[in-house]
Structure formats: C-alpha cells, structure tokens
1. Name every residue in the range 33-64 that is in contact with an Asp or Glu (Cβ under 7 Å, 6 or more places away or on another chain), touching a residue at least 12 places away in the same chain (Cβ under 8 Å) and farther than 17 Å from residue 92 by Cα, in order of residue number.
2. Hey, can you tell me all the residues within the range 51-91 that are aliphatic (A, V, I, L, M) and within 19 Å of residue 203 (Cα to Cα)?
Amino acid sequence: MAPRLLWLFLIPGLFLAGAAKKTVATAKGENEDLILTVTLYLDPADVKETIGSDLDGHFIMAKVKVEPKYGKDILIDRDDFVLRSNDNGEKATPFAASQIAGRGALIIAQTEEKQKKRGWSMGGPVMIGSGGSGAGEDKDKPDPKMVNSDQENPLKKVLDSKILPEGKTDQEAAGLLFFPMEKQKMKNLELRFGGQENRISLRFKP
C-alpha cells in the first residue's frame with residue numbers, strides 16, 4: 001500500500017512540473033552566416049525576475065544568442081527579428097529600451113494609472129495633458145508625476161544593459177529582446193530572423 005500512496009502524491013507533482021514548462025522553450029537554427037539560439041519566456045514572473053519589472057504582462061521576453069560562422073562579420077539588427085503567432089497572425093518586432101521605459105513610456109504609464117484612479121468621464125477616460133480633470137480635482141494644480149516626468153526611468157538603464165546589442169561583429173553576441181505581445185501559447189509562436197533568402201525560422205516546443 002505504501003508505494004501506491006507514494007505514487008498518488010508524486011503524479012500530481014509531475015503534472016504541475018509539466019505545466020510550468022509550457023511558459024519557457026528554446027529553439028535553435030542556422031543559416032550560411034550564423035547560428036541562432038533563442039529561449040522564449042511567456043510568464044511575466046520570469047520577466048520580473050530578470051529585469052525587476054514584469055512590464056505589466058505586455059511583453060514576451062526572448063533570450064538570444066548569435067554565433068557568427070567561420071569568423072564572418074555579421075550585422076545584428078533588432079528589426080530583423082519578428083515574432084509571429086500562427087494562431088491569429090499577430091506579429092511584433094522587439095522594442096528598444098526607450099520605447100519600453102523611456103520618458104514617453106513613463107508618461108503613458110502615469111496616464112494609465114491616473115485613468116484608473118479617476119475612472120471614466122462622460123466622454124471617455126481623462127488623459128493627462130488633455131485639459132480635462134476628474135471630479136473634485138483642481139485643474140490648476142500641477143501633477144507632481146508630470147513635473148518629474150523628464151527624469152529618466154531607472155528601468156531604462158537596466159534594459160539598456162541587457163538588451164541584445166546591435167552592430168557588426170565577428171564574435172558571439174547575446175542579450176534580451178522584448179516583443180509587445182501577450183496571452184499567447186508557446187506552440188503557436190514562430191520567430192523569424194533575416195530576409196527572405198537567408199531566413200531562419202524557429203518554432204518552440206515547450
């Protein structure tokens with residue numbers, strides 16, 4: 001009886017471990033110039049563990065390694081990476097650090113936070129800088145967050161240090177890419193790199 005009881009406790013754990021792996025998967029491919037290895041992370045918790053923020057769950061993170069072949073010079077351009085969902089056809093290229101956590105991105109985040117606090121007006125959400133105000137709010141009172149919005153977001157510095165570097169190289173390069181995409185299943189995702197003639201296409205199996 002004891003071995004049977006042991007299996008009753010072990011089997012649910014095995015199922016849970018299998019489910020957890022569905023949010024992380026690695027694929028590898030190559031063309032005439034380079035070898036590309038990519039690991040995708042779908043869980044915002046993995047994003048937070050890596051950069052200190054889950055980016056509100058709006059991004060899929062990719063850990064990328066590029067290895068030039070035969071000492072060739074290759075050009076790394078982040079716009080050559082395209083993440084595609086074969087389920088709904090959604091496509092995304094990776095964002096730069098300034099797009100994710102730059103001054104403009106910071107203002108947008110603050111705007112969304114304000115909207116949640118203020119609620120909705122008759123004409124829709126009240127936007128920062130739109131001239132509207134929430135009920136009972138002083139229109140002439142400056143928003144302290146807006147006053148300080150010219151300060152650099154500390155997250156941008158972290159992203160700049162971790163995002164895949166661009167430029168020509170004959171050495172191995174590695175870094176992160178952040179694709180503005182969410183609520184996708186790993187089995188539906190495809191990463192394409194390069195042009196039509198020398199493309200690498202990666203599919204991910206959890």
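The values are calculated or read from the model by the stated rules, or taken from the named source; none is laboratory data. Nothing here was measured: the structure is a model prediction, and the numbers come from that model. All Cβ positions, glycine included, derive from the backbone under ideal geometry; neighbour counts span all protein chains shown.
1. Scanning the range 33-64 gives 34, 35, 36, 44, 47.
2. Once the filter is applied, which keeps residues that are aliphatic (A, V, I, L, M) and within 19 Å of residue 203 (Cα to Cα), the range 51-91 yields 60, 61, 62, 64, 66, 82, 83.
So that you can scan it fast, the table gives a plain yes or no per residue for (1) in contact with a strand residue (DSSP E or B) (Cβ under 7 Å, 6 or more places away or on another chain); (2) in a helix (DSSP H, G or I); (3) modelled with pLDDT of 50 or more; (4) surrounded by 10 or more Cβ atoms within 10 Å (Cβ to Cβ):
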site: 3; (1), (2), (3), (4): no, yes, yes, no
site: 6; (1), (2), (3), (4): no, yes, no, yes
site: 12; (1), (2), (3), (4): no, yes, yes, no
site: 21; (1), (2), (3), (4): no, yes, yes, yes
site: 35; (1), (2), (3), (4): yes, no, yes, yes
site: 46; (1), (2), (3), (4): yes, yes, yes, yes
site: 53; (1), (2), (3), (4): no, no, yes, yes
